[in-house]
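Pasting in a structure now, in structure tokens, and then I'll have a few things to ask.
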Amino acid sequence: MTPAGLRARLAELREAGAELRARPARATLDALAGVLDAWRDPASPGRAALEAELPAATGFSRAMVREGLSRALHGWSGYALRALVDAELGGSATLDGKGPTAAAGFDTTAVILAGAIPMPTLLALVVPLVLRSAVLAKAAARDPVTPRLVARSLAEADPGLGRAVAVVEIPHDDADLTAALLEADCVWAMGSDATVAAVRARTLGARRVVIHGHRLSLAALGSAATRGPALLEATTALAQDVALWDQLGCLSPVSVHVVEADPGACDRVAEALAAALAAAEERWPRGRAPATAAAAIGAARDEAELRGAAGRPVRVFAGPGTAWTVVREDAPALREAPLHRFVRVHPAESARELVAALAPVARHVAGVAIAGFGPHTLDAARALTALGVSRVCAPGTLQTPPLAWHHEGQGVLLPFTRFTDLELEE
């Protein structure tokens with residue numbers, strides 16, 4: 001595709017968006033709700049095709065893709081979408097300009113996708129369409145499958161929606177094609193901090209730019225979850241959070257923080273988490289990891305073992321090859337983790353020490369799974385809220401956020417919505 005061809009496609013999308021806006025918003029919402037309901041059904045053509053094609057494209061194992069989709073899409077229903085429109089916009093009638101406030105999307109929205117996890121892609125194509133904004137999506141290099149299949153499902157459900165969506169593959173270093181893409185009225189960019197900063201710097205004409213940069217998640221266990229059945233329950237659930245999508249999403253925990261004065265608690269958690277990750281590997285085998293990732297895991301394991309050999313209370317638990325890794329750390333401060341099911345377990349004598357350890361990375365933390373704090377659970381959640389964390393939940397649910405989750409503290413539809421207050425007397 002040439003830049004001129006991409007601009008022509010953008011012009012076609014503007015016309016398709018105008019057609020959507022000429023019909024009742026409820027018709028579009030009902031069609032989108034039907035698409036979400038279909039994708040929740042493993043037997044539906046779109047879902048079945050995704051389960052079949054995604055492993056080869058992304059490297060995820062088939063078992064992991066099947067489990068990840070089943071859990072993540074469980075709550076992403078048509079009912080949830082309608083409830084979201086009601087909660088954030090006051091109902092679909094607002095999109096038709098009825099009432100004291102009118103809501104609308106932009107004529108076109110360019111979406112720059114990233115990563116290999118399919119749910120953000122599904123959401124990114126649906127959200128602008130709820131607002132009747134035509135979508136031009138740049139597929140992520142790691143997942144060209146999901147946007148194509150979602151676009152096909154939309155077209156099959158409603159030809160009008162199909163005309164209002166286009167998916168393109170643009171090399172990351174093609175400046176001319178990227179410039180044409182960024183001529184959309186609204187730009188939504190996902191990716192690393194460097195990637196989204198570059199997009200923001202190059203986006204001059206868009207009326208709105210929405211950025212989702214690098215994020216990570218973690219877990220915190222209080223004393224009530226560091227022994228006995230509660231420890232087994234918490235680590236089994238956390239192993240699931242780590243294993244799903246091979247720890248490559250923003251809601252994948254990279255560390256577990258044991259908030260207890262007893263140093264033995266950190267050892268117990270690390271041992272139990274290692275056993276749980278070994279069991280998870282049996283159920284949902286990790287997919288292929290790039291050579292660079294395997295090298296990074298090996299180097300991180302070696303570095304931790306050297307610290308342990310020097311007499312520090314650092315231990316390494318490892319699966320076959322680089323399948324999974326748990327490092328029992330000796331200090332609260334976070335260390336970089338290579339991902340691909342690599343978790344560090346940190347000690348923290350108090351909630352205050354935990355908050356201090358997280359402060360340097362607070363702006364990057366998306367979600368925290370907590371357990372074992374008993375009557376102090378709400379206090380722990382509030383302390384994390386003060387850091388700016390946008391989601392606090394139970395272990396085992398990090399990877400299954402509701403459709404209405406306030407990602408990065410924002411609404412789902414609101415960042416892409418234009419409001420007009422109609423202060424008129426009849």
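Rule-based calculations on the coordinates, nothing more; no lab input. Note that the structure is a prediction, hence the values are computed from the model and not measured. Here the Cβ is made from the backbone with ideal geometry for all residues, glycine too, and neighbour counts use every protein chain on show.
Between the range 322-366 and the range 12-57, what is the C-alpha centre distance in whole Å?
Going from one Cα centre to the other spans 38 Å.
Within 9 Å, Cβ to Cβ, of E271, how many net charges do the neighbouring residues add up to if Lys/Arg are +1 and Asp/Glu are -1?
Computed value for this residue: +2.
Now for a separate question. For the pair R200/R71, report the inter-label distance in nm, with labels modelled 7 Å from Cα in the Cβ direction.
3.2 nm
Determine the calculated [θ] at 222 nm for the chain from helices alone, applying -39500 (n - 2.57) to every DSSP H run no shorter than 4 residues and normalising by the residue count; nearest 500 deg cm²/dmol.
Rounded to the nearest 500, the figure is -14500 deg cm²/dmol.
If you fit an axis through the alpha-carbon atoms of helix 228-243 and take the longest principal axis of the Cα set of the chain, what angle between them do you get, 0 to 90°, nearest 10?
50 degrees
Can you tell me the 0 to 90 degree angle between the C-alpha axis of helix 25-40 and the longest principal axis of the chain, rounded to 10?
That works out to roughly 40 degrees.
Across 10 Å bins from the origin, how do the percents of Cα pairs in the range 1-55 run, short distances first?
Cα pair-distance distribution for the range 1-55, in percent: 20, 26, 32, 22, 0.
To continue, here is another question. How would S350, S255 line up from fewest to most surrounding beta-carbon atoms within 10 angstrom?
S350, S255
How much of the DSSP beta bridge set in the chain is antiparallel, as a percent to the nearest 5?
For the chain, the DSSP antiparallel bridge percentage is about 20.
For the range 351-407, what class follows from the C-alpha gyration tensor (a ≥ b ≥ c being the square roots of its eigenvalues): rounded when a/c is under 1.5, otherwise prolate if a/b is larger than b/c, else oblate?
In terms of gyration-tensor shape, oblate.
Among L36, L122, what is the fewest-to-most ranking by other Cβ atoms within 10 Å?
Ordered by Cβ neighbours within 10 Å, fewest first: L36, L122.
Turning to a different aspect of this structure: For a distance above 32 Å, tell me the whole-number percent of Cα pairs in the chain that qualify.
40 percent
OK, next. Lys and Arg at +1, Asp and Glu at -1: add these up for the other residues within a Cβ distance under 14 Å of L6 and post the number.
For residues surrounding L6, the net value is -1.
Rg/Rh for the range 102-206: what does it come to with C-alpha atoms and Rh from Kirkwood?
When Rh is taken as the Kirkwood radius, the ratio is 0.95.
When a/c reaches 1.5 or more, the comparison of a/b and b/c decides; with that in mind, is the range 216-393 rounded, prolate or oblate per its Cα gyration tensor?
rounded
Helix 145-157 against the longest principal axis of the chain: what's the angle in degrees, Cα atoms only, rounded to the nearest 10?
Long axis of 145-157 versus the principal axis of the chain: about 40 degrees.
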